Amino acid sequence: MATDEVPPIDLKTDIAHPARVYDYWLGGKDNFAADREVAERALAVAPDMPRSARSNRQFLKRAVELAAGEGIRQFLDIGSGLPTAENTHQIAQRTAPGARVVYVDNDPIVRVHGEALLASDASTTVVQGDLRRPEELLSHPQVTALIDFTQPLALLLLGVLHFVPDDEDPYGLMARLRDAMAPGSYLIFSHITGDADPDKGRELQEAINREARATVRTREEVTRFFDGFEILEPGIVPPDQWRNDGPSDPDRFWLWTGVGIKRPA
């Protein structure tokens, strides 16, 4: 794995971070009291949130398998979170050995764990970066060492753009990422919603917002992130309904998910 000189780590363990809150919902141990406090506040509103988190991971697995099976050999996972079972590089490389994967997250703990996990993997790296500065992220030397933006890639944005509020122009950020992608690239996407229960959705946003400024968005608002992409069947659906042969619970979900392909202009 490529290494890069980085500034000293400032973990800020007294401030909740989405990656560590998500880790708590998945049953992980890489979280702190502040993360657990936010996670438990959200669970008081949506006690089935861990189920949604697990469904999101299974959606990631199916979508990455699809992209790799269709010939995609490079994956950019922004807002990747802490390593867990069935990471993007493991899924992609089972289908396509040698597939190149770059993980990006703004939590320094993610970088530390990722570097330890990927120390002997030259085709995969982890970068500490911020979605809100896309040009800086896309030109990062560790990113460009593995990702050729003139060729199709898969961009993963799972559970990350809901932490970009409207006043920080999330659709503009998405457009700048899209414009950097070659035709034939895939967008693999998920976003928190309250559509199944709008009252609870507002409560959920308030519970998380004390720390992380989460924005709960509707299906229509989520679909806007796919401007410039052809949305694959079955469209924008809850995670356990996206090309899943197993059971699903359509009345209880907190995420919209979808996969799109960028077609030639």
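All of the numbers you see were taken from the coordinates with simple rules; none came from a lab. Note that the structure is predicted; figures quoted are calculated from it, not measured.
Look at the alpha carbon pairs under 8 Å that are at least 6 residues apart: their mean separation over the length of the stretch 18-262 gives a relative contact order of 20 percent.
How much length is gained if the chain between Asp167 and Gln241 is pulled fully straight, taking 0.36 nm per residue apart and subtracting their Cα-Cα distance, in nm to one decimal?
Values: separation 74, 0.36 × 74 = 26.64 nm, distance 3.12 nm.
Difference between extended and current length: 23.5 nm.
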